[in-house]
1. Are any of the residues in region 487-494 touching a helix residue (DSSP H, G or I) at 6+ places or on another chain (Cβ under 9 Å) and touching a residue at least 12 places away in the same chain (Cβ under 8 Å)?
2. Tell me, please, whether a residue that is in a loop (DSSP other than H, G, I, E, B) and on the phi < 0 side of the Ramachandran plot can be found in region 34-45.
3. I'd like the full set of residues that are buried (at least 16 other Cβ atoms within 10 Å of the Cβ) and either out of contact with any helix residue (DSSP H, G or I) (no Cβ under 7 Å at 6 or more places or on another chain) or not in a loop (DSSP other than H, G, I, E, B) (or both), limited to region 24-33.
4. In the set 621, 637, 574, which member is under 30 Å from residue 484 (Cβ atoms), without any contact (Cβ under 8 Å) to a residue 60 or more places away in the chain and surrounded by 14 or more Cβ atoms within 10 Å (Cβ to Cβ)?
5. Where residues in region 486-531 are in contact with a Ser or Thr (Cβ under 9 Å, 6 or more places away or on another chain), modelled with pLDDT under 80 and closer than 30 Å to residue 663 by Cα, which of them is surrounded by the fewest Cβ atoms within 10 Å (Cβ to Cβ)?
6. When residues of region 12-60 are filtered for being in contact (Cβ under 8 Å) with a residue 40 or more places away in the chain and either aromatic (Phe, Trp, Tyr) or not assigned by TED's automatic domain parsing to the domain that holds residue 84 (or both), how many remain?
7. Report the residue count in region 71-94 for those that are surrounded by fewer than 21 Cβ atoms within 10 Å (Cβ to Cβ) and in contact with a Leu (Cβ under 8 Å, 6 or more places away or on another chain).
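The values are calculated or read from the model by the stated rules, or taken from the named source; none is laboratory data. The model shown is predicted, which means the values in this text are computed figures rather than measured ones. Here the Cβ positions follow ideal geometry from the backbone for every residue, glycine too, while neighbour counts run over all protein chains shown.
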Amino acid sequence: MGGGPDKEHLLIVLDLPRPDSILSRLQQKFPHVQVTYVQTERGKPKGDVDLHALYKTATILATFGGLPDRPEDVPNLKFVHFFSAGIDTVISHPLYTHSTIPLTTSSGIHGPPIAEWIISHTLGLSRHIFTTHEWQAHHQWGGPTGAAGREFQASVSDWVGKRVGIAGYGSIGRQVARVFVAVGAQVVAYTASPRPTPDSRRDKGYIVPGTGDPDGSFPSEWYSGTSKESLHAFLRAGLDALVISLPLTPATTNLVGKEEFDVLRAANSAGTLLVNISRGKIVNQPDLVAALNSGVLGGAALDVTEPEPLPKDDPLWEAKNAVITPHISAAGREYFGRAYDVLIANLDRLANGQELINELRSCPSELQQDKSWYERLSDASTPEIRSTAKATQEFKVNGHSALSVRIIAVTGVPHGFLGPSSGLHDIGSSKGRHNQAVKNHDRADRNVFAEPQTMLAAVALSAAFLGGRRVYINYFRRVAEAKDINGAWLQKRSLLGTVTSVGDGDNFRMYHTPGGRLAGWGWLPGRRVPKEKGQLKRKTIHVRIAGIDAPELAHFGKPAQPYGREALNWLTSYVLHRRVRVYVHQTDQYQRVVATAYVWRFFLRRDVGLEMLRVGLATVYEAKTGVVFGPGLEPKYRQAEAWAKAKRRGMWAIKGGRLETPREYKNKHASP
C-alpha cells in the first residue's frame with residue numbers, strides 16, 4: 001500500500017463513440033487508472049476485440065447494461081457502474097443475484113431535464129400553449145370570440161399559490177419541487193417512509209450541483225405511507241397538479257386509477273393536472289382516458305404509456321387535454337457528461353476507501369428464497385452491518401463465494417438452521433474430505449475412458465447433441481421480438497406465427513410459433529398463443545410489410561389520409577388471429593422486421609402485400625434508399641398497382657383531385 005494507489009483497470013462498454021474529452025479529464029485525475037473503451041453495435045464489440053479477455057483483467061466495469069454472463073468471468077471486479085438510473089433489465093442477471101459485487105447507478109442526473117419537461121408541459125396545459133400553437137399552424141390570429149372567448153380567457157391560469165403534489169421525492173422529485181417553488185407554487189411531498197426529522201429529509205444520493213432540494217426544505221407538507229388510506233390522504237390535499245415520480249414495482253402497478261381520480265376531483269373541483277414521467281403501468285390507462293374525457297381530471301402530460309410505443313389506435317391519443325411524448329423527458333446532450341461525473345466521484349471514493357455513491361444492494365439467490373430476510377437485509381443501514389457485509393464479500397469457501405456465510409454474518413442465523421444444503425458444513429474439516437476425494441479419484445480405473453468403443457460413443461453423442469441443439473436454435477426456438485432475430489437469418493429464413501394485433505394498413509404484430517401445429521402449437525398444453533395484452537408484452541414480433549405503403553392514419557397531430565382507416569380494417573380482417581409466414585429481409589429504425597407476409601385464404605397461399613395493392617389500399621413503396629422486395633416481386637407489385645389504378649379500385653377511386661400517395665404525405669409532414 002505504501003507505493004500509492006493500486007493500479008485499476010476501468011473497462012467501459014458502450015454503443016457510443018469514445019468521449020475523448022471526458023476520458024482525458026478522467027485520466028488526468030486518476031493517472032493510476034488504465035482505461036479501455038469498447039464501442040459496441042447491437043450488443044457486440046466493434047472490431048477485433050476480445051471482450052472476454054478484458055473482463056478477466058477489469059477491476060471496474062462501466063456500461064449501460066451489457067454484462068458478462070457469469071460472476072466468474074470478472075474475477076477482479078470491484079464494482080460495476082451503470083450509465084442508467086435504474087437496473088430493471090439486469091435484476092435477474094447472475095451478477096445481481098449470485099454475487100456481492102457492488103453495483104452503482106447514475107441516479108440523480110435526470111432531475112434537470114425531466115423537471116424542465118414537467119414545468120414546460122404543465123405550463124403548456126395551464127396556459128393553453130398547445131392550443132395557441134395550433135392557431136399558428138393554421139395562420140389563425142386568436143381563438144374563439146364572444147362568450148366562448150371569455151370562457152377561454154378565464155381558463156388560463158398561473159401557478160402562484162397553486163399546490164403541486166409530488167409522489168416520490170427522490171432526485172427527480174426534488175428538482176421538480178425547486179422549479180415549481182421558483183414560480184410561486186406550494187409543494188406537497190409523498191414518500192413511502194416517514195421523514196419526521198431534518199436528517200431523514202436530506203438527499204443522500206448524487207446531486208447535480210446547484211439543483212434539487214438537498215435539505216428537503218421545499219415541501220410545505222409531507223405525507224407518507226404505503227397503504228391506500230395514506231395515498232388518499234395525500235390526494236385529498238387539494239392538488240392542482242399531481243406529479244408521479246415513483247419506481248415501478250408490484251406494489252405501484254395500477255396504483256392510480258378511477259378511485260384516486262375521484263378523490264382528486266372531490267378535493268379540487270377545477271380538475272387536477274396529472275403528470276407521469278415514471279412508468280405507464282403505475283396509472284390505470286383506461287381509467288385515465290375516462291377521467292380525462294369526462295372532465296374528472298383537468299388534463300394530463302404523459303411521457304410514459306402502457307405499452308410503449310403506444311398503438312396508433314389507442315384511445316389515449318384522442319383523450320381530452322392529453323399531451324403525450326415518446327419517453328424522452330430525460331433526453332439531453334448533458335446526460336453522459338453527468339453520468340461520467342458519478343463514475344468519477346466513485347473512482348475517487350474507491351481510491352479513498354469510502355462508501356460508493358448510488359450503490360445498490362445485490363440480492364443473492366439464497367436471499368431471494370426468503371423475502372423476509374432480503375427485506376431485513378435491504379433495510380439494514382447501520383455501519384456495523386454494512387462493514388460486516390463488506391468483509392464477507394471477499395470470504396471464500398472452497399473457492400466459491402460464501403453467500404450463505406454472508407447471510408449468517410448479517411442476520412446472525414446459526415448454520416444449523418440452514419440445513420446441510422447451505423454449504424456451511426464444518427469448514428475446518430472440508431480440506432480433509434477434499435483430499436480423501438482426490439485419493440478415491442486416483443484409485444479409479446481410467447483405462448475404460450481410452451477404449452475405442454467408449455470414445456466413438458462419446459463422439460457420436462456429442463455430435464448428436466450439437467446437431468440437435470443447432471436444429472433447435474434455428475428452427476424450434478421461439479423468437480420473442482424483432483431485436484432477437486439472428487442477423488444471419490435475414491433474406492434466408494422465414495418465421496411462422498399468429499397475428500395478435502394490427503397497427504395500421506401496412507404493419508402488424510405476430511406471436512412466433514416455430515414448427516406450427518406439428519410442434520404442438522394450438523393443441524398441446526403450454527403451447528397456446530396468449531390472448532391478453534399483458535401476456536403479449538415483449539413477446540411479439542413487429543412486422544412491416546415489405547414493398548408497399550398504405551395510407552396513413554391520424555397521429556402526432558397530423559390528419560389522416562383518405563382510405564387510411566379502410567386499409568387498417570382490410571388488413572385486420574385479412575390477417576388478425578390467422579397464421580402467417582413472413583420472409584424476413586431486414587430490420588428498420590423502429591425495431592420492426594421488414595418482411596414479405598403470406599397467409600392461407602380459401603386454400604390458397606396469398607401474398608398480403610400483393611393483395612393490398614390489388615384492392616387499391618396500398619401503393620408500391622417509394623423511397624430513395626432502404627426499399628426491399630421479395631425475390632422477383634417488384635414487377636408483380638408494380639403490375640398490381642397499375643391494374644388497381646386502371647380499375648379505380650380503393651383509394652384510386654378518389655374524385656375531384658389528384659391522389660396524394662403515402663410517400664408524398666410523409667414528405668409533406670416530414671415523416672421518416
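1. Scanning region 487-494, I find at least one residue that is touching a helix residue (DSSP H, G or I) at 6+ places or on another chain (Cβ under 9 Å) and touching a residue at least 12 places away in the same chain (Cβ under 8 Å), so the answer is yes.
2. Scanning region 34-45 turns up no residue that is in a loop (DSSP other than H, G, I, E, B) and on the phi < 0 side of the Ramachandran plot.
3. Answer for region 24-33, where residues must be buried (at least 16 other Cβ atoms within 10 Å of the Cβ) and either out of contact with any helix residue (DSSP H, G or I) (no Cβ under 7 Å at 6 or more places or on another chain) or not in a loop (DSSP other than H, G, I, E, B) (or both): 26, 33.
4. Step by step, each of 621, 637, 574 is checked, and only 574 is under 30 Å from residue 484 (Cβ atoms), without any contact (Cβ under 8 Å) to a residue 60 or more places away in the chain and surrounded by 14 or more Cβ atoms within 10 Å (Cβ to Cβ).
5. Filtering first and then ranking leaves 487.
6. Qualifying residue count, region 12-60: 2.
7. Qualifying residue count, region 71-94: 7.
Yes/no per residue for (1) crowded, with 21+ Cβ neighbours inside 10 Å; (2) modelled with pLDDT of 95 or more:
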site	(1), (2)
228	no, no
239	yes, yes
258	no, yes
275	yes, yes
280	no, yes
316	no, yes
